[in-house]
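Contents: one structure, followed by commentary.
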Amino acid sequence: KTSTQSYIRPLVEHIVVLALLVGAYLFSGLRRLGAVGIFTMDLSSASLQLLQACLYAPENSWLRKPEVVMFVHRVVTVPTFVYCRLLVLPFVLWRSALFESQDWLEQIERVFYEGLGERVYFLFNASLCLLFTLNLVLFRRLIFHPHLRQIRQVKVQ
């Protein structure tokens, strides 16, 4: 892949997350969801950055040792990613947005106009669905990362 293609998915993910956070901030009933969303995404991103630091460390660094990389991948990054992005995001945030959003939808319709709440509700849930789909793509890449394959082959030999 070219460097531009490598950054399109994260760019789309960040745009969707920012839109969700702005929406959660604007409608006060969802600030709790925004805070949980920020925490889970940041925690997961930190573990991904740690793995990336191990993968791209200099060849002679202790971070690049196959045992360290595989430990960070299997014990830190994958469990954190699964918990934050594949459990908390859909089963806490999304569920909460689906079932606890009546107050802020009514607030939107009182402030703006009738029918806007349904449109915002659809857009918000569609964005969460898109974010979950992007996370599934990222999870697949995390599991089948080409650098991890090379490190596994070096470890076996």
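The values are calculated or read from the model by the stated rules, or taken from the named source; none is laboratory data. Owing to the predicted nature of the structure, the values given are computational and were not obtained by experimental measurement. Glycine also receives a Cβ, built like all others from the backbone with ideal geometry; neighbour counts cover every protein chain displayed. Protein only, heavy atoms only, side chains kept; ligands, DNA and RNA dropped before computing areas. Shrake-Rupley method; radii C 1.70, N 1.55, O 1.52, S 1.80 Å.
So which residues in segment 70-108 are crowded, with 19+ Cβ neighbours inside 10 Å, assigned to a helix (DSSP H, G or I) and of a type in the set (Gly, Ala, Ser)? Across segment 70-108, the qualifying residue is only 97.
Taking (1) out of contact with any Lys or Arg (no Cβ under 6 Å at 6 or more places or on another chain); (2) in a helix (DSSP H, G or I); (3) of a type outside the set (A, V, I, L, M, F, W, C) in turn, residue 113 satisfies each apart from (2).
Residues checked against (1) open to solvent by less than 70 Å² (accessible area, probe 1.4 Å); (2) more than 30 Å from residue 56 (Cα to Cα); (3) within 17 Å of the chain's Cα centre (by Cα):
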{"position": "110", "(1), (2), (3)": "no, yes, no"}
{"position": "114", "(1), (2), (3)": "no, yes, no"}
{"position": "118", "(1), (2), (3)": "no, yes, no"}
{"position": "123", "(1), (2), (3)": "no, yes, no"}
{"position": "127", "(1), (2), (3)": "yes, yes, yes"}
{"position": "130", "(1), (2), (3)": "no, no, yes"}
{"position": "142", "(1), (2), (3)": "yes, no, yes"}
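Within segment 22-60, restricting attention to residues that are at pLDDT below 85 and in a loop (DSSP other than H, G, I, E, B), the residue that is surrounded by the fewest Cβ atoms within 10 Å (Cβ to Cβ) is 59.
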